[in-house]
1. Scan the range 218-272 residue by residue and report those that are within 35 Å of the chain's Cα centre (by Cα), aliphatic (A, V, I, L, M) and more than 18 Å from Gly283 (Cβ to Cβ).
2. Determine, yes or no, whether Tyr386 is hydroxyl-bearing (Ser, Thr, Tyr), at pLDDT below 95, surrounded by 18 or more Cβ atoms within 10 Å (Cβ to Cβ) and within 25 Å of Asp163 (Cα to Cα).
3. Please find, among Leu315, Leu321, Leu250, the residue that is within 22 Å of Pro370 (Cβ to Cβ) and at pLDDT 95 or above.
4. Can you name the condition, by its number, that Asp163 falls short on among (1) assigned to a strand (DSSP E or B); (2) in contact with a strand residue (DSSP E or B) (Cβ under 7 Å, 6 or more places away or on another chain); (3) within 30 Å of Gln312 (Cβ to Cβ); (4) touching a residue at least 60 places away in the same chain (Cβ under 8 Å)?
5. In the range 203-226, what count of residues is obtained for those that are among the hydrophobic types (A, V, I, L, M, F, W, C), assigned to a helix (DSSP H, G or I) and more than 15 Å from Asn192 (Cβ to Cβ)?
6. Can you pull out the residues in the range 4-44 that are basic (Lys, Arg) and exposed (fewer than 15 other Cβ atoms within 10 Å of the Cβ)?
7. Within the range 157-177, which residues are at pLDDT 90 or above and of a type in the set (A, V, I, L, M)?
8. Restricted to the range 183-222, and to residues that are at pLDDT 90 or above and among the charged types (D, E, K, R), which residue is farthest from Pro375 (Cα to Cα)?
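The values are calculated or read from the model by the stated rules, or taken from the named source; none is laboratory data. Note that this is a predicted model, so its numbers are computed, not measured. Note: ideal-geometry Cβ built from the backbone for every residue, glycine included; neighbour counts use all protein chains shown.
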Amino acid sequence: MTTYSCKEIDELWDRYLDGSCTPEEEQQVEAHLEHCPACQQRLEQALAAQAALVPPVPPEPAPPSGGEQQRWMRRAKWRNRLGTVFNLFCAFILFSIVSGIITGLLYGLGGSDSTMNRLPKVISAAVGMTTPNVNVNSGGINSGFYFNLSMDYSLTKRVGYRDQILGRLQGDMRFHLLQVNREWSGGAYQSNLFFEYPTVGEELNEEQRQYASESDGEVWHALEMLPEGTVSELAFSLDALYSLQEIYDLFEGYDMDIVWYAFDTGDEERVANLGSYLYDGNGLWGMSDRLMLEYADNNSLQVWGDGPAKEQAFLRALEDLQQNERWVRKVVRQPQLQERIDYVSEHGVRSYGLIVTGPTKELLKLSEHPHVTRPALGETDWWNWYQPNFSSVQY
């Protein structure tokens, strides 16, 4: 292969520098450069001139210091933490909404058979049937979040025509696990009401009879000392077991209301034979007219009448409690409901004591009643023996 001369290379020089030569021409130029120092020097000068026209490459940034790296890491960690907290908060809100919907369905489905409908009725009956003249009154029940059901009701007793607030009944259910708490005003509720089973008096000796007579006399004396313009609450026992219609016949004509009936359910005689009075929390079972109305077939009951309907309401209430005994046990120890139902079904609904309220001097007349025994004075209030046309309550 013949090599080009310097003159021939000169004709190709510009095209060689900008890279537009053919491969054959490029080989000829490079072969000439290998043997021509003058052209080699010319090439170096041309390359140096081109290098001056190319912008310099910026230097690589210096690596951050240790302190800057720690600050970057802390910022990154906080961003991750905030992102995690935000995601958890969104998940919490979503779960709360879903749990609220499920809770409402869990306790609210079923209409009259739903938990929200049955629970207040059962607890109200359990309290009212074992605590004389104490009623579960105004309040409500609500389903919340996280499968929680809560209820809050007032506890009242009637003296005269007025309901006195005694405290609050509060309940909390989660996943059908129930807790019930009674919070009494002042921290506790002290009741002086009690009953004595009819057969107990037959077993007393002369000394015991004398003591009972003196105790009874103190109650009647207290009623005698109270002013005319007062109303009182009085419990008294009866000398035998009576049906409700027999009771209405015995006490017809008295200006008073019967607010609670003590009923024989089969276990009262055993408790009484142990030498103990019958009182709330100690073998006492009964019912108020208010509760009877809830369990009666009719929407209304006569104050001094409808004995068979009221007796049937008491038996129906026992059966309702028996079907929900797991709830009742949160209020009543050892309810023994099936045994009581069997006894009442066989022997009938019979009462051995009453709680009445009315004008104090009217109640004093009961001291002369031949079938009244063992009186126990409860609360006394100023005269309210009338029905007001209007009243309001603020909480």
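1. Leu234, Ile258, Val259
2. Spelling it out, it is not the case that Tyr386 is hydroxyl-bearing (Ser, Thr, Tyr), at pLDDT below 95, surrounded by 18 or more Cβ atoms within 10 Å (Cβ to Cβ) and within 25 Å of Asp163 (Cα to Cα).
3. Leu250
4. (4)
5. The qualifying residues number 2.
6. Listed by number, the residues that qualify are Lys7, Arg15.
7. Val159, Ile165, Leu166, Leu169 - these are the residues of the range 157-177 that are at pLDDT 90 or above and of a type in the set (A, V, I, L, M).
8. Glu183
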